[in-house]
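Encoded as structure tokens, the structure appears first; notes follow it.
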Amino acid sequence: MSKKPSLDSLEQFGWRFGLESIQALLAELDHPESSLKVVHVAGSNGKGSTCAFIASYLKYSGYKTGLYTSPHLCDIRERFRINGTWIPNRDFNRHVELVLRACQTVKRKLGHSPTHFEALTAMAFSWFKEQKVDWVVLEVGLGGRLDATNVIRNPAVSLIAPIGLEHQSILGKKIEKIAWEKAGILKEGCWAATIQNHSGALRAIEKTAKEKGVKLLVGDKDFKFKRERRGFRWEGLGLSKSFNLPGLPDYQIVNASLALAGIQCLKAQGVPCDSKIVEKAFLTMRWPGRAE
């Protein structure tokens, strides 16, 4: 008699890049991702913090907001949040069982099981749909183009945080190739924003955006930000304001500015942009181990 699979047992399959398995898994779950409104965030440095800033803003703007991030710091349930609260144990266990049954069906059909990350991603979509969230802020796991989160077809906004040399054995040896992989989250006709320190990375992202007809907002061109004594100054996209955020480190100012660019993209699609709420949401955002 075969042993009943567990969530941890899926870790033996490591990472598998490509969308075939996650698409098959989500099909077994009746495509929970298809009804979600998503802000999708990729990058090498700061993508999790950028997600946390946007999720905090949407929460304080009155939206029921799901947040899916990885990896976790202390508890796997950290990866799944609604308005800052982790998924309850009972919901977590129920969705684990649901997804593991679907994984077994996928294994019979494809000859291999979905990976641990693919299962977690499917769980996030399933839970967020069940809880009828208004928005999902979704962090890419690794790369972008072939990451399991990239099954999202029509994100409201795609953001690309600063890119550096990372996972070169998987994503490529040069920063331009890594940026091209990250830019794979851009979808035709969607809004997008990026902040990049490397000109080669920016060129690769801009090229992909042009090919796909993406409206791309670029830091230091379409919007500008600079450090001030108690926060940062923002200029561009119809907004000119100093944000009072004492204690925010320089690297988090970059992440907060990219999040604010994302909020401006959402504004163009009907989400209110209230600078007072931005300040409150960013000031109260908590991201243990990253924003401390």
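The values are calculated or read from the model by the stated rules, or taken from the named source; none is laboratory data. Not measured: the values here are computed from a predicted model. Cβ sites come from the backbone with ideal geometry, for glycine too, and all protein chains shown count toward neighbours. For the accessible areas, the whole protein counts, side chains as well, though only heavy atoms, and no ligand, DNA or RNA atoms are used. Shrake-Rupley method; radii C 1.70, N 1.55, O 1.52, S 1.80 Å.
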Förster radius 30 Å - calculated FRET efficiency between residue 112 and residue 45, Cβ distance, rounded to 0.05: 0.40
List the relative contact order of the range 195-292 as a percent without decimals, with contacts defined as Cα pairs under 8 Å and 6+ residues apart. 18 percent
Given the pairs 129/212; 182/226; 177/215, which span a C-alpha to C-alpha distance of over 23 angstrom in this model? 129/212; 182/226
Tally the DSSP beta bridges in the range 102-232 and give the antiparallel ones as a percent, rounded to 5. 20 percent
Starting at the first residue of the range 56-71, write each ³J(HN,Hα) from the Karplus equation 6.51 cos²θ - 1.76 cosθ + 1.60 with θ = phi - 60°, in whole Hz, x for Gly and Pro. 5, 5, 4, 4, 6, 8, x, 9, 6, 10, x, 9, 10, 9, 7, x
For the range 133-242, run through the trypsin sites (Lys or Arg not before Pro) and keep only the ones in DSSP coil with at most 14 other Cβ atoms within 10 Å of their Cβ. 153, 173, 174, 221, 229, 230
Pairwise label distance in nanometres, residue 30 with residue 96, each label 7 Å out on the Cα-Cβ vector: 2.4 nm
Which of 32, 272, 155 moves most in a GNM of the chain, Cα contacts under 10 Å? 272
Magnitude of the Cβ-charge dipole (Lys and Arg +1, Asp and Glu -1) of the range 134-268 about the Cα centre, nearest 20 debye, reported as 320 debye
In a Gaussian network model over the chain where Cα atoms closer than 10 Å are linked, find which of 87, 76, 152 has the largest mean-square fluctuation. 76
Sites residue 221 and residue 286 - FRET efficiency at Förster radius 25 Å, r taken between beta-carbons, to 0.05: 0.20
Just the number, please: carbon plus sulfur as a percent of the accessible area of the chain, 1.4 Å probe, no ligands or DNA/RNA counted. 49 percent
Would you mind calculating the gained length between residue 269 and residue 229 on full extension (0.36 nm times residue separation, minus the Cα-Cα distance), in nm to one decimal? 11.1 nm
For residue 72, other-chain or 5+-apart residues with amide H closer than 5 Å (H placed, Pro excluded) are none
What angle do you read, to the nearest 10 degrees and between 0 and 90, between the alpha-carbon axis of helix 116-130 and the longest principal axis of the chain? 70 degrees
How high is the FRET efficiency between residue 83 and residue 199 when r is their beta carbon distance and R₀ equals 41 Å, given to the nearest 0.05? 0.60
Can you give the extra length, in nm with one decimal, that the chain gains between residue 276 and residue 76 once fully stretched, where that is 0.36 nm per residue apart less the Cα-Cα distance? 68.7 nm
Report ³J(HN,Hα) in whole Hz for each residue of the range 185-198, in order, from the Karplus equation J = 6.51 cos²θ - 1.76 cosθ + 1.60 where θ = phi - 60°; Gly and Pro get x. 7, 5, 10, 3, x, 7, 8, 7, 8, 8, 10, 9, 9, 9
Given the C-alpha centroids of the range 65-105 and the range 185-219, what is the distance between them in whole angstrom? 31 Å
Please state, to two decimals, what the Cα-based radius of gyration of the range 219-292 comes to when divided by 2.2 N^0.38 Å (N = residues). 1.05
Cα gyration tensor category, rounded, prolate or oblate, for the range 133-292 with a/c compared to 1.5: prolate
For residue 187, which aspartates and glutamates qualify as cross-link partners when the Cα separation must be under 12 Å and same-chain residues fewer than eight apart are set aside? 211
Excluding residues fewer than 8 positions from residue 173 in its own chain, the aspartates and glutamates with Cα under 13 Å of it are 181
Go ahead and set up a Gaussian network model of the chain, Cα springs under 10 Å, then flag whichever of 43, 236, 247 fluctuates most. 247
Could you tell me what percent of the DSSP beta bridges with both partners in the chain are antiparallel, to the nearest 5? 45 percent
For residue 190, which sequence-distant residues (separation of 5 or more, or a different chain) have an amide H within less than 5 Å of its own amide H, given hydrogens modelled in the peptide plane? 215
HN-Hα J in Hz across the range 19-27 - Karplus 6.51, -1.76, 1.60, θ = phi - 60°, x for Gly and Pro: 9, 4, 5, 5, 5, 5, 5, 5, 5
Relative contact order (percent) for the range 34-132, with alpha-carbon contacts under 8 angstrom and 6 or more residues of separation? 19 percent
Amide H proximity to residue 223 below 5 Å, modelled H, separation 5+ or other chain, gives 218
For the chain, what's the relative contact order in percent, using C-alpha pairs closer than 8 Å and at least 6 residues apart? 23 percent
